[in-house]
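Laboratory data are not the source of any read-out in this text; all were calculated from the coordinates shown. Worth saying up front: this structure is predicted, and the values here are computed from it rather than measured. Note that we place each Cβ from the backbone using ideal geometry, even for glycine, and neighbour counts take in every protein chain shown.
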There are 2 protein chains.
Amino acid sequence: MRISQLAAESGVSIPSIKYYLRSGLLRDGARTAATQAEYDEDHLARLRLIRAILGPGGASVAQAQRLIAALDDPPAGAHELLGVAHAAVAGAAQGDPAAREEVSSRLRRAGWDTTRVDPAVLDAVASALRGLADAGFEMTDDALAGYLSDAETTARREIEGVPTDSTEAAIRYVVLGTVLVEPLILALRRGAQEIASAERFGGRRFST
Amino acid sequence: MRISQLAAESGVSIPSIKYYLRSGLLRDGARTAATQAEYDEDHLARLRLIRAILGPGGASVAQAQRLIAALDDPPAGAHELLGVAHAAVAGAAQGDPAAREEVSSRLRRAGWDTTRVDPAVLDAVASALRGLADAGFEMTDDALAGYLSDAETTARREIEGVPTDSTEAAIRYVVLGTVLVEPLILALRRGAQEIASAERFGGRRFST
């Protein structure tokens, strides 16, 4: 199909498609004339994936490039795959080592084997706790323990669900599950808060 | 203090402070001369809050303006407060009504009272599920039920913890807890995934 049809089928504008082509997110079509190229179903599928990562997934173009590189050229083991997916989203560890060590020791006290955790993830936890503290909101060990326990419940179920019969399926699950499930988790938390708040404090109903 | 000292104490650059002043996130200092103003501890505290919301909180300037407006001029009840905080982050509902209704009926089947949930939150759930589907990743009812149950556990504990003895404390908890806890939840999920993945698949240790 021509680029105009690709745009019509995908709902992505021609300028956006051209931008994805230039940034390497979408591979070039087969050239049929000096100013014309032919696209196929693979382009359409990839375009939907790019939109999902950049849109609901909330990733930057640079993050999307790294995620798509991980999909196209995945490491051998499922655990390494998770590391690549997390690194694609988080980037390299660049936090303050003292803050990272402080967070590590809090997590270890709560029973986590922090030698298994990417330093970039520890930095992200430290950054989130510092943001809360800066806002006048120190998180107690008890409150943190609640979030740790919830994270373990979610993550164990997710890792248990990694398919091992198909590499392709495992890659999609791990790489995309990391990013695309995040907005779902946050939206469901807000919804559940509204229900819990209505139960505790009363409050208006929205029209169905 | 002068703006230069405010910058030194807060670690925020003078151009950024001037930008926050122009955008109304930070109120003006007391003018002491044509080109000089005096700032105080309140400015410093507000600056830390702005940085937390824009940095780890990941909010846009427009979202930060709405969150800070909610802090400065809060509604009377705790439940309304949550609504204002969520609206500040999510914006108005503008999703496809058919997709919203489909998501509502999935959530109702799982036992949620969706009349209590802001339509903008339902739209966010629908958008996340559509992103997953576009990436070739249909979420089954079973998988969704897991995330719903985790969200309920987190949200019930959070709403149970809303302080009711101090309005100021309740406002900070609800408005900032909505936004600033999000990066913590996502970072902890990644850490917990890495630990669970190392347990299931084996895998390298990071140096402590």
Relative contact order for chain B, counting Cα pairs under 8 Å that sit 6 or more residues apart, in percent: 19
Inter-copy separations for residue A:42, label at 7 Å along Cα-Cβ, nm, ascending: 6.3
Once you list every other residue whose beta carbon is under 10 Å from the beta carbon of residue B:126, what net charge do they have if Lys and Arg are +1 and Asp and Glu are -1? -1
Report, in degrees rounded to the nearest 10, the 0 to 90 angle that the Cα long axis of helix B:97-109 makes with the longest principal axis of chain B. 70
Show the residues, 5+ positions off or on another chain, whose built amide H is closer than 5 Å to the amide H of residue B:2. B:39
Two-site label geometry, residue A:73 and residue A:169: point separation in nm, points 7 Å out along Cα→Cβ: 2.8
Shielding of A:81-89 by partners, i.e. mean partner chain Cβ atoms within 10 Å per residue? 3
May I ask for the angle, rounded to the nearest 10°, between helix A:177-201 and the longest principal axis of chain A, with both axes built from Cα atoms and the value confined to 0 to 90°? 50
Dividing the Cα radius of gyration by the Kirkwood radius, what Rg/Rh value follows for chain B? 1.05
Run the quick spin-label model on residue A:105 and residue B:23: label points 7 Å from Cα toward the beta carbon, then report their separation in nm to one decimal. 3.7
Expressed as an acute angle from 0 to 90° and rounded to the nearest 10, what is the orientation of the C-alpha long axis of helix B:119-134 relative to the principal long axis of chain B? 60
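What does the C-alpha gyration tensor say about the overall shape of the stretch A:1-93? Classify as rounded when a/c is under 1.5, otherwise prolate if a/b is larger than b/c, or oblate.
It is prolate, given that a/c is not under 1.5 and a/b is the larger ratio.
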The stretch A:20-30 - phi-based ³J(HN,Hα) in whole Hz, Karplus 6.51/-1.76/1.60, Gly and Pro as x: 5, 5, 4, 8, x, 5, 10, 7, 4, x, 6
What does the copy distance list look like for residue A:168, label position 7 Å along Cα→Cβ, in nm and ordered from shortest? 6.1
For residue B:9, place a label point 7 Å from Cα along the Cα-to-Cβ direction in every copy; what are the distances to the other copies, in nm, shortest first? 6.2
Within 10 Å of each candidate Cβ there may be at most 15 other Cβ atoms; applying that plus a DSSP loop requirement, which GluC sites (Glu not before Pro) in the stretch A:108-208 survive? A:138
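Let a ≥ b ≥ c be the square roots of the eigenvalues of the Cα gyration tensor of the protein assembly as shown; is it rounded (a/c under 1.5), or, if not, prolate (a/b larger than b/c) or oblate?
Verdict is rounded for the protein assembly as shown.
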Out of A:164, A:39, A:98, whose Cα points farthest toward the positive end of the dipole of the protein assembly as shown (charges: +1 Lys, Arg; -1 Asp, Glu; placed on Cβ)? A:39
With all distinct Cα pairs included, what does the Kirkwood hydrodynamic radius of the stretch A:99-144 come out to in Å, to one decimal, could you say? 10.8
Charges only on Cβ, +1 for Lys and Arg, -1 for Asp and Glu: so what's the dipole of the stretch B:82-208 about the Cα centre, in debye to the nearest 20? 400
